[in-house]
1. Considering Cα pairs under 8 angstrom that are at least six residues apart, work out the relative contact order of the chain and quote it in whole percent.
2. Please work out whether the stretch 116-177 counts as rounded, prolate or oblate from its C-alpha gyration tensor, where a ≥ b ≥ c are the square roots of the eigenvalues and a/c under 1.5 means rounded, while otherwise a/b larger than b/c means prolate and anything else oblate?
3. Tell me, what is the percent relative contact order of the stretch 7-170, built from C-alpha pairs under 8 Å that lie six or more residues apart?
4. Treating each Cα of the stretch 77-194 as an identical point scatterer and ignoring solvent, apply the Debye formula and state log10 I(q)/I(0) at q = 0.10, 0.12, 0.20, 0.22 Å⁻¹.
5. How far is helix 233-243 tilted, in degrees, relative to the longest principal axis of the Cα atoms in the chain, given as a value from 0 to 90 rounded to the nearest 10?
6. If I fit a long axis through the Cα atoms of helix 8-22 and take the longest principal axis of the Cα atoms of the chain, what angle between them do I get, 0 to 90°, rounded to 10?
7. May I ask for the angle, rounded to the nearest 10°, between helix 258-269 and the longest principal axis of the chain, with both axes built from Cα atoms and the value confined to 0 to 90°?
8. Sort the following peptides by mean Cβ neighbour count (other Cβ atoms within 10 Å, averaged over residues), highest first: 260-273, 81-94, 30-43.
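Where a number appears in this text, it was derived from the coordinates with a stated rule and is not lab data. What you are looking at is a predicted structure, and each value in this text was computed from that prediction instead of being measured. Cβ atoms come from the backbone with ideal geometry, glycine included; neighbour counts cover every protein chain shown.
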């Protein structure tokens with residue numbers, strides 16, 4: 001039976017409208033891609049609180065910073081590669097450094113802008129933003145969680161980078177918007193042999209891999225890290241202590257993203273054998289989204305294979 005899917009960007013647009021109803025201080029800025037990012041829904045409902053800045057992403061970040069100094073809560077929306085690179089200096093200097101209350105919605109992330117190729121795909125944005133002082137970094141796994149993340153990010157004091165997919169993605173949280181606390185991970189499945197630590201869209205594949213491993217007699221714990229920064233140290237250290245082996249799973253380069261964050265933490269607090277599933281220091285190419293995930297080492301089979309490699313070198317207890 002095919003998995004239920006839903007549009008994360010549509011959920012984001014709907015969440016902004018709902019937020020606008022109860023939070024008059026919220027304003028939305030977009031860089032002439034509002035029909036794509038779905039901020040057009042907010043523009044139609046609250047035209048006086050919506051600003052289309054044109055193809056001027058750097059200027060948009062500066063204007064959002066100015067609005068934040070007046071008591072507004074700006075949501076800035078564009079494609080993730082443009083936010084993290086073209087407007088990176090303005091985010092650093094005018095938003096992160098003064099710790100202004102600006103929320104950055106980075107859409108079309110990972111390989112989800114699939115047919116536009118490597119110039120529009122975003123495979124190292126998390127590494128850039130995670131290294132930026134004062135910046136919270138959140139990665140939504142599906143449409144319900146995207147809605148919950150919008151609300152949590154709005155309530156969070158200070159700048160936030162929210163990573164969103166363009167694609168119709170499998171729904172993990174079928175009961176509606178899940179509870180969402182910035183900096184708090186989720187234990188979605190208990191297990192004793194290994195922990196699969198996933199962020200973003202690949203959470204669905206990590207859960208599928210855990211099912212496959214169970215059929216092979218391997219008891220896999222599944223932890224979701226939706227907040228890459230500040231990261232939930234306790235859930236990861238506990239997983240390391242209880243299972244003794246972790247596989248990180250992300251739609252991002254294995255350099256500087258989730259894998260790097262978990263490795264940094266465990267090296268400091270609880271050294272533990274690891275494997276990392278993600279892009280292997282490479283750009284991708286154009287093609288169907290799901291096929292690209294498989295082609296670049298982020299398939300369910302890749303997660304299973306990484307688990308077997310890890311268990312082969314896991315110390316015996």
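1. Value for the chain: 17 percent.
2. oblate
3. Worked out over the stretch 7-170, it gives 27 percent.
4. Treating every Cα as an identical point scatterer, log10 I(q)/I(0) equals -0.32, -0.46, -1.12, -1.25.
5. 20
6. That works out to roughly 50 degrees.
7. So the helix axis and the longest Cα principal axis differ by about 60 degrees.
8. Ranked by mean Cβ neighbours within 10 Å, highest first: 30-43, 81-94, 260-273.
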